[in-house]
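The values are calculated or read from the model by the stated rules, or taken from the named source; none is laboratory data. Worth saying up front: this structure is predicted, and the values here are computed from it rather than measured. Don't worry about glycine lacking a Cβ; one is built from the backbone with ideal geometry, like all the others, and counts go over all protein chains shown. These accessible areas exclude ligands, DNA and RNA; they are computed on the full protein's heavy atoms, side chains included. Shrake-Rupley method; radii C 1.70, N 1.55, O 1.52, S 1.80 Å.
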Amino acid sequence: IGQGMTRLSLIDMARVMSAVASGEIRSARFTESDPTSDPLALADLGIDARELTVIRQGLINAVNGPRGVTKRAGLEGVTVAGKSATSQIGKGGHAASFTGYVPAENPRFVVSALFVREGESTGKSQSGEL
């Protein structure tokens with residue numbers, strides 16, 4: 001996913017969202033035999049707690065706010081925090097994605113979803129708005 005030199009996989013996006021939600025970066029484990037390591041706090045990397053709070057509120061507003069563009073990702077009874085994105089694929093194709101976490105107040109789950117429309121444009125707007 002991305003445009004030009006900016007490229008991320010859904011796993012990359014999920015790991016970033018996990019770090020924002022938890023305030024920690026964890027090493028990826030792909031099998032049970034992979035060694036575990038202690039998480040690294042974002043504060044130890046110079047990420048200010050107030051800035052992280054602003055980012056988290058922006059992710060909540062993107063789904064739940066009056067001008068949020070990812071309202072369709074909302075769920076009844078739980079506050080979803082997340083971000084949509086759009087990338088062009090080839091000639092006229094688009095990839096729309098959403099990455100978020102729930103519940104926003106006490107995150108337990110991160111999700112990334114990708115929706116791809118290949119081929120020539122139909123004239124309809126293509127965006128990360130799910």
Checklist entry - Among the residues of segment 70-86, is there at least one that is in a helix (DSSP H, G or I) and open to solvent by 40 Å² or more (accessible area, probe 1.4 Å)? => result yes
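Is it the case, given these coordinates, that residue 49 is among the small types (Gly, Ala, Ser), in contact with a strand residue (DSSP E or B) (Cβ under 7 Å, 6 or more places away or on another chain) and open to solvent by less than 80 Å² (accessible area, probe 1.4 Å)?
no
Consider residue 1 carefully, then state whether it is at pLDDT 90 or above and either within 18 Å of the chain's Cα centre (by Cα) or more than 23 Å from residue 111 (Cβ to Cβ) (or both).
no
Per-residue answers, yes or no, for (1) open to solvent by 40 Å² or more (accessible area, probe 1.4 Å); (2) part of a strand (DSSP E or B):
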| site | (1), (2) |
| --- | --- |
| 14 | no, no |
| 21 | no, no |
| 31 | yes, no |
| 62 | no, no |
| 94 | yes, yes |
| 104 | no, no |
Item to check | Residue check for residue 42: crowded, with 17+ Cβ neighbours inside 10 Å and more than 19 Å from residue 112 (Cβ to Cβ) | outcome: yes
Checklist entry - List, please: which pairs have Cβ atoms under 6 Å, are six or more places apart or on different chains, and start with a residue in segment 10-23 that is closer than 15 Å to residue 98 by Cα and end with one that is of a type in the set (A, V, I, L, M) and outside any helix (DSSP H, G or I)? => result 10/114; 14/110; 17/110; 18/110
